[in-house]
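Here's the structure we're looking at; comments come further down.
What follows is calculated from the coordinates using simple rules that are stated; it is not laboratory data. All values derive from a computational prediction rather than experimental measurement. Don't worry about glycine lacking a Cβ; one is built from the backbone with ideal geometry, like all the others, and counts go over all protein chains shown.
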Amino acid sequence: RSALFGPPGEVVKSWAGMATQTIAETALKIVTPETLRNAAKQSQRCLTVPLRLRRAIKKYLREQAEPYMKRKVLRLSQSFNEIKNANLQLATTTSREIVEDPLKSSEQSKRWKITSSYGDIGLTYRDDETIAYVASRMPAVYSACYRVLKEVRRRLPGFSPTKVLDFGAGTGSAFWALREVWPKSLEKVNLIEPSQSMQRAGQSLIQGLKDLPLIHSYDSIQALSKSTGKSGREHDLVVASYVLGEIPSLKDRITIVRQLWDLTQDVLVLVEPGTPHGSSIIAQMRSHILWMENRKHRKSSKKNNEVCKDLITEKAGAFVVAPCPHDGTCPLVKSGKYCHFVQRLERTSSQRAYKRSKGEPLRGFEDEKFSYVVFRKGRRPRHVF
């Protein structure tokens, strides 16, 4: 009562004191040790997309001036779900037969000579899908690629690729990650992307960048092979990220991975979404490449003449660089679990603007789940990664 009817200066001081006390008490209730731990956990290893990529995405979207962007982003998400459902309809028995012995019949061996871009492609990217992809998915795919390539650099400190092939390049997510991880060693990058819309978007996004390597774009592996000689097909590093899952045919998937392995001189990286299906694709490709190289080695070992001995070079064979430290059967195969990793990233302004949330405010970060495997040609070194 005295505070209400006292001198004006004292009234103001009294109200200020009460407000300060109230704020302090409220803060103690909200900022508990548990909330602080949760906040720290959320920010731990949270990747921030490079400023130049964020600016490039924003500039590209501004130039498109596309209406109904949120609707297009939602439609793209639905398309991904449709592909996922189509892939899950593959018979597991067929998958097992192809992975274990894909060349057991002449009919199957002819499948390795497909001439299409991706095989039975599951999603065609037109302008609408491409713009929605840049706005919503590109930062997340970049973050997964960056995390994987950074792990390759950590495990292979002496490896600095000069010539790289990016298969299923899309709008260039892996290319941007390559530039971050090996900014000085890259000299030539071959991009394979059948979608002209994706190719145009990728070219638009890198406009204005300095010290770019020599870049060539192709719409298929066959186009690359025709335009380059044998030496031009050898790449220090081959990357295929978020593309194998868009190919519903398992046979064509294996075909493409075999072709990519032939184009690899040193390291092959495969990355897929961190879903049970994506993890299954990675596990199948891992099994197939190791089986294929072991089969070659067994055939060479059976022959005793000098010509065949010369074929067994240091680059013969294959071993897994990451994520597993061995080339044996994955212990998760019969566990009911699947192998995947999580990269937290700070959402860009375009993601916050165009992505929808289910009844809750959109968080400032998102967790990108991914599965991957990294192969290297040659015999496994004695030291452990």
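Average projection, convex hull of the Cα set of the stretch 153-291: 8.9 square nanometres.
The 3J(HN,Hα) values that the Karplus relation (6.51, -1.76, 1.60; θ = phi - 60°) gives for the stretch 201-215 are, in residue order, 5, x, 5, 5, 5, 8, 4, x, 6, 9, 6, 6, x, 5, 10 Hz. Gly and Pro appear as x. The distance from the alpha carbon centre of the stretch 132-173 to that of the stretch 284-299 is 25 Å, rounded to a whole number. Within the stretch 250-292, what residues put their amide N at less than 19 Å from the label point 7 Å along the Cα-to-Cβ vector of Phe341? From the stretch 250-292, the list is 267-287. Close amide H partners of Ala322, meaning residues 5 or more places away or on another chain with modelled amide H under 5 Å apart, are Val374.
What the phi angles of the stretch 179-189 give under the Karplus curve with 6.51, -1.76 and 1.60, with θ = phi - 60°, is a coupling list of 5, 6, 7, 10, x, 9, 8, 5, 10, 9, 10 Hz, glycine and proline written as x.
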